[in-house]
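First comes the structure, then the notes that go with it.
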Amino acid sequence: KPSWYLVAKDDKMIPPSAQRQMASRAQATTVEVPGSHAVYVSDPAAVANLIKQAAADVGKK
């Protein structure tokens, strides 16, 4: 099943390298943005864009 992962490159709780590993394990489409662990607060536009991208990609199938 399709998966997407938003790597928050400035996350101090979950290191970006660990995030990338989790995304890879899930075979997720990965997008990286500068942002904290709460990237949905610090950069809501990036989160919204990822959701839009995921919805568009799923809609093509």
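Below, the figures for the structure above:
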read-out: Set of region 4-24 residues, backbone N closer than 19 Å to the point 7 Å along the Cα-Cβ line of Asn49; value: 4-11, 20
read-out: Set of aspartates and glutamates with alpha-carbon distance to Lys9 below 17 Å, sequence-local pairs under 8 removed; value: Glu32, Asp43
read-out: About the Cα centre, charge dipole magnitude for the chain (Lys/Arg +1, Asp/Glu -1 at Cβ), debye; value: 300
read-out: Mean ellipticity per residue at 222 nm, deg cm²/dmol - from DSSP H runs of n ≥ 4 across the chain, formula -39500 (n - 2.57); value: -14500 deg cm²/dmol
read-out: Signed unit charges on C-beta, dipole axis of region 4-59, positive-most listed residue Gln53, Ser24, Gly35; value: Ser24
read-out: Gyration tensor (alpha-carbon) shape descriptor, the chain, a/c threshold 1.5; value: oblate
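Bear in mind these aren't lab numbers, they're just calculated from the coordinates by the rules spelled out. None of the values given here were measured: they were computed from a predicted structure. Virtual Cβ from ideal backbone geometry, glycine too; neighbours counted across all protein chains shown.
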